[in-house]
Amino acid sequence: MYVTVWIRAGDGKDLDGSGRVSQAMSVMTATSTLAAAFRSRPLLPALALLLVLTALLGSCVWKRSEQAAVLRADPEAILADERLRKVALAGGKPVYQHYCAACHGADGKGDQTLGVPDLTDDDHLYGTGTVSQIEDIARYGIRAHNKRGWNLAVMPAYAHKIPDAAEPLPPQTPAQINDLTQYLLSFTGRATDPAAVKRGPETYSKAGCWDCHGRDLGGDPAIGAPTLTDNIWLYGGTADDIRRTISRGRAGISPAFARTLTPAQLRDVAVYVASLAPTAQDSK
Amino acid sequence: MTEQHTPGAQAPSGIWDIHQTVGRRSLILAAAGAIIGLAIAGYGLFTAQGTRTANVPAEDAALVNNIPLLRADLIAQISALYSVPYAKASQAQKQKVLQDMIREELYVQRGVEMGLSNDDIDVRQALVQATEGQIAQDAMTAKPSEDELATWYNAHRGRYASEGMMTIHDWTVPAGADARQTVMRLRAGASPATLGLKSTGRTDDGEEFYFAAEEHLGKSIFAIARGMVDGAVSDPIRAPDGVHIVQMVHNRKPVQTPYAKAHDQVLNDFLANKVARLQDGNRRFLQKRADIKIASDLQ
């Protein structure tokens, strides 16, 4: 039986000095001793194998129990619990990178050309950004053909003969769309046509915008209608962007991963996404 | 460096000497292998989704005849029903929602047993929609590449043009007037009022989108109008309500929307098309797989 031992020194060079040879010799001796021990105690290798397998099995069971704790916990309590948070974030990050980052970006900053929201701010289009709501969106999607998803409303296309197939709404003229655009820009001090801004509220009312966005333009997170008075824009906030949104409508989608991801993956990724947004503590 | 056994050295003995055939060793190894295999299989059997029977899996709130009721659904329903966070819901509220979910599951299972999918039209419609929806969901989980989207955009550029706009006058020629003469004088600069022309009132609100102009003018007059340049006066146009003359004030033809601006719409259209193709493919597959016999008089 031949045993060849190659030791690489810290500097990366092969052994060549006398001191290092003695080190190599001692390793060789240890190996020989181990081989001799295995020969004299025939059950030792089996025992070693058993130990390794037991350790592996124990590790699996421990990981499963940790994940089970995340699944059984109140979703909103996970981020506050150091142990659960660690498990969920470790599981959620790779899921996010694999399934969500293509649209939301690796850093979660979103993509305005697709109306993909920024996950790192504290503005939430659907719901209030709780872990359970995020998990619900990940599982059932938004306009993803899942009846449990968030499918209640779309942004109508007011420059079309029938702005919304689901609800009778009046199409708007180019002038009315301009009034609405100017009206919305006025909330961030960017309006350029005061007369149009003045006509805005009436146009807003007659066009039926209030039905989703509210009389106070505060939006409705239950149906994904954004607030219109702040400076957070899903599809961009220039006059051209707003005009296009009103004219052509919007209906962003988020896929339903109910059949793609396991419940554990869904919970983990929801926790991970929730962790990207600033907490109330951060905001202070 | 090498370690070499000298020819005279004592050979290892016992059941673990691999140079000797030992029946006991084979049995021990086979037994160990079997135990490990059974352990792995058992672990998989009792932990894989849908096969767990020993206890309620961590992600579920209950099992009803081994059909899981998701804990996440329970939480969502409690929040929706009572408008409170899950942590603040009382035990009674949780129990109420859970019992409702169990009741629903029991009725669904009973409905399947009774064959309601064969009898009840609502169940059938719901099943058809749900099956179609499932195909769509699967199609949407993968984001198409930018190349695919750009190719789609280039192949369907017409869809991504803005709606045209026009500001137009629409007059009717008074009875007895010479329509051709009126047109000639209009083109020469005469005012409509001096020619006795009356506006139809249908396009007096200023600039409007093509679809609205088509609605107001009617298809035949709109077809003429959309080809007119700014300032042009049409020939007399005969219509059921008399002879019309239209004058184009400003015609803004549809403008191609750049890919970057139409990105979201391109993605939606691409996915809608993918869903439609997959659903059609699924229908053909089901038809091919099925044993369908059609009565001779209906073939």
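Read the figures in this text as sums done on the coordinates, not as results from a lab. A quick note: this is a predicted structure, and the numbers were derived from the prediction, not measured. Here the Cβ positions follow ideal geometry from the backbone for every residue, glycine too, while neighbour counts run over all protein chains shown.
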Cα-projected label distance for B:ARG157 with A:VAL61, points at 7 Å along beta-carbon direction, nm:
6.7
Run the numbers on segment B:33-114 and let me know its relative contact order in percent, using alpha-carbon pairs under 8 Å that are six or more apart.
18
Run the reach check for A:LYS109 against lysines, Cα to Cα strictly under 19 Å, same-chain hits fewer than 8 apart removed. What comes back?
A:LYS93, B:LYS143, B:LYS261
Please name which of A:GLY127, A:LEU185, A:LEU47 has its Cα lying farthest along the dipole of chain A towards the positive end, using unit charges on Cβ (Lys, Arg +1; Asp, Glu -1) and the Cα centre as origin.
A:LEU47
If you fit an axis through the alpha-carbon atoms of helix A:263-276 and take the longest principal axis of the Cα set of chain A, what angle between them do you get, 0 to 90°, nearest 10?
70
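Figure the gain on full extension for B:LEU45 and B:ASP17 (residue separation times 0.36 nm, minus the Cα-Cα span) and round it to one decimal in nm. Write down the numbers at each step before the final one.
Details: separation 28, 0.36 × 28 = 10.08 nm, distance 3.66 nm.
Result for the pair: 6.4 nm of gain on full extension.
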List the relative contact order of chain B as a percent without decimals, with contacts defined as Cα pairs under 8 Å and 6+ residues apart.
15
Note down the nm distance, to one decimal, between modelled labels 7 Å out along Cα→Cβ at A:ALA195 and at B:LEU29.
9.5
What is the spin-label model distance, in nm, from B:ILE121 to A:ALA101 if the labels are put 7 Å beyond Cα along the C-beta direction?
5.2
Rounding to the nearest 20 debye, state how big the charge dipole of the protein assembly as shown is about its Cα centre with +1 on each Lys and Arg Cβ and -1 on each Asp and Glu Cβ.
1280
Within straight-line cross-link reach of A:LYS206, lysines at Cα separation under 18 Å, skipping those fewer than 8 residues along the same chain:
A:LYS161, A:LYS198
10 Å Cβ shell holding at most 10 others, DSSP loop, chymotrypsin sites (Phe, Trp or Tyr not before Pro): longest site-free stretch of chain A
A:7-284
Full-stretch length increase - B:VAL249, B:LYS219 - with 0.36 nm per residue and alpha-carbon distance subtracted
8.9 nm
Taking a straight Cα-to-Cα line shorter than 16 Å from B:LYS253, and setting aside same-chain aspartates and glutamates fewer than 8 residues away, one finds B:GLU163, B:GLU207, B:GLU208, B:GLU214, B:ASP230
What angle do you read, to the nearest 10 degrees and between 0 and 90, between the alpha-carbon axis of helix A:239-248 and the longest principal axis of chain A?
80
Given R₀ = 51 Å, FRET efficiency for B:ASP178-A:TRP210 by Cβ-Cβ distance, to 0.05?
0.45
Between helix A:82-95 and chain A, what is the angle of the helix's C-alpha long axis to the longest principal axis, kept within 0 to 90° and rounded to the nearest 10?
80
Mean separation of Cα contacts under 8 Å (at least 6 apart) over the residue count of chain A, i.e. the relative contact order in percent, is 25
Long-range amide H contacts for B:LEU70: which residues qualify at under 5 Å (H placed 1.01 Å from N, peptide plane, sequence gap of 5 or more or a different chain)?
B:ALA61
